[in-house]
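Here is the structure we will look at.
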Number of protein chains: 2
Amino acid sequence: MPEAQSPTRKRIVDAATRLFYAEGIGRVSVDAVAEEAGLTKRTLYYHFKSKDDLIAAYLDGRDQPNLKRMAGWFEAGQGGVDKKVEAIFTDLARATRHPKWKGCGFLRTAAELASMPGHPAVKAGARHKSNFETWLGTELSGHDIEEPRALAREIVLLIDGCFSIMLIHRNPDYVEAAGRAAATLVRARMSVSQVQG
Amino acid sequence: MPEAQSPTRKRIVDAATRLFYAEGIGRVSVDAVAEEAGLTKRTLYYHFKSKDDLIAAYLDGRDQPNLKRMAGWFEAGQGGVDKKVEAIFTDLARATRHPKWKGCGFLRTAAELASMPGHPAVKAGARHKSNFETWLGTELSGHDIEEPRALAREIVLLIDGCFSIMLIHRNPDYVEAAGRAAATLVRARMSVSQVQG
DNA sequence: TTGTGTATATTCACTAGTCGGTATACTTAG
DNA sequence: CTAAGTATACCGACTAGTGAATATACACAA
């Protein structure tokens, strides 16, 4: 039985991450992942029982890095909580301009697997999105906001709207527009004194 | 040269629509589409020069039906313009409960083709999304709303957020939450007298 | 009315290559 | 000797796309 922390396994997941994110899970063969990792397909199948398994491992590995990136954007935002939320979108707009940016790996995988709702990779995506929503709700809780968890959900919807529509239009103006909408939603739930101050 | 309005061509597009929407473009072979249409693959290739061509035709054929469906939901909404917007989300939430619902075909196709931004099917999706945004902006224009086109864009972002996140969570509560957020955004741009009245 | 030419439309059989996955054997470390 | 890990070589099924033949329908001439 393979080790869960094997360096070989990590090499495989890293290679899968590069290819799956760049091309999509359906357009990348197991052979291609093995070659990118510098080993044979049989070795890959020693560490993962199936391609579906590998896809799930790819997404599980993206959970914490993605959360930390978003949290960094939020925390670096200057001003009130509405501005910190808007900062997420400003930095996301910048990220979408990178030529290697291909949207959200979790959402793209879920879209490819829409006919298999119980797929382990979809579940990994659900865990990640819930983690993010929970984290944002907690952040909003300390700022005199009504129903911070409901607000977090609304912001999550705008962020995921950006991810998907950007794959169609490739126009960062949509991300900026979403940021302004998010700030409006934040202020709608802030106390009057806070909005005016 | 094949006719653009050929009934055979329509049969092929209808078959492709059923299969591509149900399974995703990457998981459906040209052979499968031909069999669903009740003819041979060679005939299909007489009417379409490639699979990519067929995918684009599939999405072009969904533009008007999808627009009409959304417009119907909006127009049937009772109350002010904020309520009519919210009605879109209420009806969308109902639609997502149908077992055959698999998200937005335009967004799912764009997600599958994220590494090919100039693909004709992605362009077809961009046309459709722009058509919808323009239609919504026009509807909002007659209702004493500031910057109706900016508001339309914000609502589009929430709708597409619903489409994508629903593929992950399969929980219509997200669509209802998006509807409330959209109504909030509408009221933020309505004149005071209108909000109070 | 019959025969011929032509464009449209369709089929069968096939190519060359890729897919996920595996049987078997080898190497190396404990 | 044993077990973990890796390699070569292969499997049957499927992939998008094509070559060559054929069916169908209609126009027009004898």
Given the structure, is A:Val156 at the interface with another protein chain (Cβ under 9 Å from one of its Cβ atoms), surrounded by 20 or more Cβ atoms within 10 Å (Cβ to Cβ), among the hydrophobic types (A, V, I, L, M, F, W, C) and assigned to a helix (DSSP H, G or I)?
-> yes
Which residues, taken from the stretch A:10-34, are more than 14 Å from every other protein chain (Cβ to nearest Cβ) and either without any contact (Cβ under 8 Å) to a residue 24 or more places away in the chain or away from DNA strand D (no atom under 11 Å from the Cβ) (or both)?
-> A:Lys10, A:Val13, A:Asp14, A:Ala15, A:Ala16, A:Thr17, A:Asp31, A:Val33, A:Ala34
Among the candidates B:Glu23, B:Glu86, which residue alone is outside the structural domain of B:Leu157 (by TED's automatic domain parsing) and among the acidic types (Asp, Glu)?
-> B:Glu23
Does B:Gly79 meet the test of being away from chain A (no Cβ under 14 Å), away from DNA strand D (no atom under 16 Å from the Cβ), without any contact (Cβ under 8 Å) to a residue 60 or more places away in the chain and of a type outside the set (Asp, Glu)?
-> yes
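If a residue counts only when it is under 27 Å from A:Gly137 (Cβ atoms) and either within 13 Å of DNA strand C (Cβ to nearest atom) or not basic (Lys, Arg) (or both), which helices (runs of 4 or more DSSP H) contained entirely in the stretch A:9-82 have at least 3 such residues? Give the derivation first.
Numbers: elements: A:30-37, A:41-47, A:51-76.
Result: A:51-76.
Here is a yes/no grid of residues against (1) under 24 Å from A:Ala152 (Cβ atoms); (2) facing chain A (nearest Cβ under 10 Å):
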| residue | (1), (2) |
| --- | --- |
| B:Ala87 | no, no |
| B:Ser115 | no, yes |
| B:Gly118 | no, yes |
| B:His128 | no, yes |
| B:Phe132 | no, no |
| B:Ala150 | yes, yes |
Consider B:Ser50 carefully, then state whether it is away from every other protein chain (no Cβ under 14 Å), closer than 24 Å to B:Pro117 by Cα and near DNA strand D (Cβ under 10 Å from one of its atoms).
-> yes
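The values are calculated or read from the model by the stated rules, or taken from the named source; none is laboratory data. Quantities reported herein were computed from a predicted structural model and do not represent experimental measurements. Cβ coordinates were reconstructed from backbone atoms using ideal geometry, including for glycine residues, and neighbour counts include every protein chain displayed.
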